[in-house]
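Scroll down for the structure; my scribbles are underneath it.
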Amino acid sequence: MVDKGIEDKRTKPVDRESAFGSFMFAELNTDKTGDTSCWTKAQTYLALGNTLHTLARLKIDSTPMEGIDTELVNEEFKKELHGYQCDVALAIGYHHPQEDKNAKRPKSRLNSNKVLVRI
């Protein structure tokens, strides 16, 4: 990759050795078998957080779903996943104002001092 970057003039030949440092992070997050799933799953949550934030700003309802049957989902969507696996799902949509009985009910929340601890 570094040599390709030099060929494409993205990297200066004089910076060749230091350019390898960019790939060290990937090496540190790859186990002996070449598995990077722990790192890629963490990256998925960064994208998921940004997606949830954007949907909320657009006033679109969404909820992440972890704990899904990943084997079933991976089998069902094998063609679409192209060899990747699903670790988390995201439900996106609009609630139905007339059928969502909880939307207009008063909220019941614990006081923040019962939930949060100041350190």
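The values are calculated or read from the model by the stated rules, or taken from the named source; none is laboratory data. All values derive from a computational prediction rather than experimental measurement. FYI the Cβ positions are ideal-geometry reconstructions off the backbone, even for glycines, and counts take in every protein chain you see.
Structural remarks
- Scope segment 93-115; condition basic (Lys, Arg), out of contact with any helix residue (DSSP H, G or I) (no Cβ under 9 Å at 6 or more places or on another chain) and under 23 Å from residue 65 (Cα atoms); matching residues: 101, 107
- The one condition from (1) farther than 22 Å from residue 2 by Cα; (2) modelled with pLDDT of 85 or more that residue 38 does not meet is (2).
- Scope segment 11-22; condition surrounded by 11 or more Cβ atoms within 10 Å (Cβ to Cβ) and under 22 Å from residue 43 (Cα atoms); matching residues: 20, 22
- Some residue of segment 59-81 being over 19 Å from the mean Cα position of the chain (by Cα) and exposed (fewer than 10 other Cβ atoms within 10 Å of the Cβ): yes
- Within segment 45-58, considering residues that are loosely packed, with under 11 Cβ neighbours inside 10 Å and more than 14 Å from the chain's Cα centre (by Cα), the one nearest to residue 92 (Cα to Cα): 58
- Qualifying positions in segment 63-119 - touching an Asp or Glu at 6+ places or on another chain (Cβ under 6 Å) and at pLDDT below 85: 95
- One residue alone among 19, 26 is touching a Gly at 6+ places or on another chain (Cβ under 9 Å), free of Cβ contacts under 8 Å to residues at least 40 places away in the same chain and farther than 30 Å from residue 103 by Cβ, and that residue is 19.
- The set of residues from segment 23-42 being acidic (Asp, Glu) and surrounded by fewer than 11 Cβ atoms within 10 Å (Cβ to Cβ) comprises 27, 31.
- Residue list for segment 1-35, filter: within 28 Å of residue 86 (Cα to Cα) and at pLDDT 85 or above: 30, 31, 32, 33, 34, 35
- Here 81, 90, 52 are screened, and the one residue that is in contact (Cβ under 8 Å) with a residue 40 or more places away in the chain and closer than 20 Å to residue 40 by Cβ is 90.
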